[in-house]
Structures are given as C-alpha cells and as structure tokens.
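S.K.: One structure, as structure tokens, below. Some questions next.
The values are calculated or read from the model by the stated rules, or taken from the named source; none is laboratory data. Because the structure is a prediction, the values reported are computed rather than measured. With ideal geometry, Cβ positions are generated from the backbone for all residues, glycine too; neighbour counts draw on all protein chains shown.
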Amino acid sequence: MNRSNVIAMVVLGLVLVGSTAQVQGETKYFCADADNTWSGSSGQNWRTFVDHQDCTNGTRVDAPTEADRAVIVSGKTCNVDSTAAADSLEVESGATLNIEGAAGNSLTLDDDGDNDTTINGTLNLLDANSLLAFEDTDQTISGAGKIVGQDDAAQITVAGTIELTNDAIIEGRLRITGEGDFLNHGTVHANVAGTLHISTTAFDDDSTALWKVSSSSTAILKVNVTSGTAPDLAGAFEILNDGTLRVDSIGFKTTGSLMFRNGWIVVAAGSSVTFSE
C-alpha cells in the first residue's frame with residue numbers, strides 16, 4: 001500500500017468519526033414568547049415535528065426528540081399535549097412543565113449519555129392519563145424542585161433504576177410503577193386526598209430519605225414490592241394529620257425514625273412492618 005492510499009484512508013476515517021459525533025442530539029430550549037413557542041403561534045405546547053425558536057441563536061428548529069436534552073427555561077410554561085420524548089430533561093427554577101391528561105399524552109426520557117433529569121421548577125402530571133416514562137436502565141432525578149401528581153392514576157414508570165436525589169421531591173397523588181428499582185434519597189410526600197402508590201419491582205432509600213404523609217384530608221402513601229423481596233429501609237417516616245401509610249409487603253422494615261401524630265398505619269393481610277433503631 002502506497003503512502004497516498006494510507007493518507008486517503010486516514011482522512012476517510014476522520015470524516016466518518018466526525019459524522020458519528022453529529023448524531024448525538026442537541027440541547028433545545030423552550031424560552032420564546034407565546035408567538036414563538038415550540039408549537040408556533042398555537043400556544044405553549046410540546047409537539048413533535050413542529051418547529052420552535054431556539055432562544056440561544058434565534059433559529060427555527062424541530063421540537064426535541066429522544067436524542068435531545070430539553071430545557072424549560074425559568075418563567076416559561078410548557079404543556080405536553082401529545083406523545084413527546086427527550087434524551088433528558090431540565091426544568092429550571094420558576095419554570096413549569098405540564099403533562100396533560102388526554103389519552104396518549106406522555107413524556108418518555110431515554111437517557112443515553114448519563115445526563116440527569118433536573119427538576120428545579122415544577123413538573124405536573126395533571127390527569128389520569130398523564131405518563132412520565134423513564135426508559136433507560138439507570139437515571140437520576142436531581143434538583144430542588146418537585147414532581148407533582150394530581151390524579152391517583154397518573155403514572156411515573158420505571159424501566160431500570162431511578163434515583164431521587166437529596167433535594168428532589170415527588171408529591172401529590174400518582175403511581176410509581178414498573179419493572180425497575182426506585183431509590184428515594186429525597187422526599188416522597190403524599191400531601192393531598194388520594195393515594196401516592198409505589199409498586200415497582202423493588203425500592204430502597206438511605207438515611208437522607210423522607211417518606212411523608214400529611215393532609216387536612218385523607219392522604220395515603222401505599223407501598224408494595226412486586227418482586228416479593230422485603231424492603232429494608234433507613235429513611236425517616238412522618239405520618240401526620242389523618243394521613244395513612246398502607247403497606248402490602250412481607251417483611252417491610254425501616255431503621256429510620258418514625259414521627260406519628262394523628263395518623264394511621266394499615267398493614268395488609270400477610271404483610272408485616274417493623275420500625276426499629
């Protein structure tokens with residue numbers, strides 16, 4: 001092989017590498033005014049295949065796809081009114097992302113680049129059909145904001161392992177379900193009338209976790225492990241103001257603290273609960 005052929009092969013290799021790097025996705029920002037949102041003049045909606053104005057450079061680009069990181073900028077509200085997807089998500093402080101409740105409205109996050117889902121604002125699951133799906137094997141929910149469920153049947157589905165970090169909050173009423181493992185290192189708070197139901201294959205926590213039930217109406221935090229493996233927890237439990245902890249898991253145990261005031265603990269037949277230091 002002569003020298004010119006070697007040079008040609010090296011150049012071709014560089015071109016191929018460069019082409020591969022260009023398909024890793026982009027960061028796309030929801031931050032324009034009402035007439036320049038992701039869905040143009042029709043409102044503040046996240047709709048696939050409809051262009052929006054990227055506020056970083058003013059160009060028109062497609063709405064985020066499963067390859068992109070989507071950022072909801074402070075002061076803006078975005079509504080998921082269709083089947084939406086992103087690689088990862090950031091909701092900045094002062095921003096709101098609503099997953100609306102019509103059938104088929106969902107947001108799927110399938111992280112391929114070890115990017116956190118960062119919630120510093122508010123992510124609302126508005127209705128029974130609202131769905132937030134974590135498809136990757138290992139994802140982290142970070143930030144000092146909150147995910148709020150507003151219907152017992154709204155769902156967060158977990159395919160792999162989801163870790164809720166120290167400052168993050170999931171509250172309201174909804175279902176956290178799926179074949180994966182839910183790790184609470186933050187706060188899970190049933191704080192309205194209804195049920196916040198955790199029914200993943202496994203769940204765990206650490207000593208920084210808070211599991212809380214409190215409401216002027218009847219709030220229920222229901223936990224059951226579908227694999228049959230006994231949860232062995234370390235976080236704190238607070239059951240206050242007519243709230244109920246409902247346990248449907250054999251050998252449920254926590255070594256964390258228990259604050260119990262005007263609340264209820266209901267243990268299903270065949271289940272058991274141990275609080276110990």
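S.K.: Looking at the structure I just gave you, is Ile72 hydrophobic (A, V, I, L, M, F, W, C), out of contact with any Asp or Glu (no Cβ under 8 Å at 6 or more places or on another chain) and either under 20 Å from Ile147 (Cβ atoms) or modelled with pLDDT of 65 or more (or both)?
M.R.: Working: hydrophobic (A, V, I, L, M, F, W, C): yes; out of contact with any Asp or Glu (no Cβ under 8 Å at 6 or more places or on another chain): no; either under 20 Å from Ile147 (Cβ atoms) or modelled with pLDDT of 65 or more (or both): yes.
No.
S.K.: Would you be able to tell me the number of residues in the range 89-113 that are farther than 18 Å from Asp167 by Cβ, part of a loop (DSSP other than H, G, I, E, B) and either touching a strand residue (DSSP E or B) at 6+ places or on another chain (Cβ under 8 Å) or without any contact (Cβ under 8 Å) to a residue 12 or more places away in the chain (or both)?
M.R.: Of the residues in the range 89-113, 7 are farther than 18 Å from Asp167 by Cβ, part of a loop (DSSP other than H, G, I, E, B) and either touching a strand residue (DSSP E or B) at 6+ places or on another chain (Cβ under 8 Å) or without any contact (Cβ under 8 Å) to a residue 12 or more places away in the chain (or both).
S.K.: Answer yes or no as to whether Val73 is farther than 21 Å from Ala209 by Cβ and touching a Cys at 6+ places or on another chain (Cβ under 6 Å).
M.R.: yes
S.K.: Within the group Ile162, Ile176, which residue is modelled with pLDDT under 95, under 13 Å from the mean Cα position of the chain (by Cα), among the hydrophobic types (A, V, I, L, M, F, W, C) and farther than 20 Å from Ala95 by Cβ?
M.R.: Numbers: Ile176 fails: modelled with pLDDT under 95.
Unique residue meeting the criteria: Ile162.
S.K.: Hey, another quick one. Only one of Asp138, Asp167, Asp151, Asp116 is surrounded by fewer than 22 Cβ atoms within 10 Å (Cβ to Cβ), touching a strand residue (DSSP E or B) at 6+ places or on another chain (Cβ under 7 Å) and either at pLDDT 95 or above or farther than 20 Å from Gly25 by Cβ (or both). Can you tell me which?
M.R.: Exactly one of Asp138, Asp167, Asp151, Asp116 is surrounded by fewer than 22 Cβ atoms within 10 Å (Cβ to Cβ), touching a strand residue (DSSP E or B) at 6+ places or on another chain (Cβ under 7 Å) and either at pLDDT 95 or above or farther than 20 Å from Gly25 by Cβ (or both), namely Asp151.
S.K.: Do we have Gly235 as of a type outside the set (Ser, Thr, Tyr) and either touching a Pro at 6+ places or on another chain (Cβ under 6 Å) or under 18 Å from Asn224 (Cβ atoms) (or both) here?
M.R.: Considered against the rule, which asks whether it is of a type outside the set (Ser, Thr, Tyr) and either touching a Pro at 6+ places or on another chain (Cβ under 6 Å) or under 18 Å from Asn224 (Cβ atoms) (or both), Gly235 comes out as yes.
S.K.: Right, another one. I'd like to verify a number: residues in the range 219-260 that are under 19 Å from Gly149 (Cα atoms) and in contact with an Asp or Glu (Cβ under 6 Å, 6 or more places away or on another chain), how many?
M.R.: Residues flagged as under 19 Å from Gly149 (Cα atoms) and in contact with an Asp or Glu (Cβ under 6 Å, 6 or more places away or on another chain) within the range 219-260 amount to 1.
S.K.: In the set Gly178, Gly194, Gly235, which member is over 21 Å from Asp127 (Cα atoms) and of a type in the set (Gly, Ala, Ser)?
M.R.: That would be Gly235, the only listed residue that is over 21 Å from Asp127 (Cα atoms) and of a type in the set (Gly, Ala, Ser).
S.K.: Do we find that Ile156 is under 18 Å from Val80 (Cβ atoms) and either surrounded by 19 or more Cβ atoms within 10 Å (Cβ to Cβ) or modelled with pLDDT of 95 or more (or both) in this structure? Give the derivation first.
M.R.: Details: under 18 Å from Val80 (Cβ atoms): yes; either surrounded by 19 or more Cβ atoms within 10 Å (Cβ to Cβ) or modelled with pLDDT of 95 or more (or both): yes.
So Ile156 fits the description; yes.
S.K.: When you check Thr226 against the structure, is it at pLDDT 90 or above and either surrounded by 16 or more Cβ atoms within 10 Å (Cβ to Cβ) or within 23 Å of Asp152 (Cβ to Cβ) (or both), yes or no?
M.R.: no
S.K.: Check Gln155, Gln150 and return the single one that is in a strand (DSSP E or B) and under 20 Å from Glu90 (Cα atoms).
M.R.: Details: Gln150 fails: under 20 Å from Glu90 (Cα atoms).
Answer to the selection: Gln155.
S.K.: Quick one: Asp248 ticks every box in (1) under 26 Å from Leu132 (Cα atoms); (2) in contact with a strand residue (DSSP E or B) (Cβ under 6 Å, 6 or more places away or on another chain); (3) among the acidic types (Asp, Glu); (4) in contact (Cβ under 8 Å) with a residue 24 or more places away in the chain except a single one, so which number is it?
M.R.: Against the list (1) under 26 Å from Leu132 (Cα atoms); (2) in contact with a strand residue (DSSP E or B) (Cβ under 6 Å, 6 or more places away or on another chain); (3) among the acidic types (Asp, Glu); (4) in contact (Cβ under 8 Å) with a residue 24 or more places away in the chain, Asp248 comes up short only on (2).
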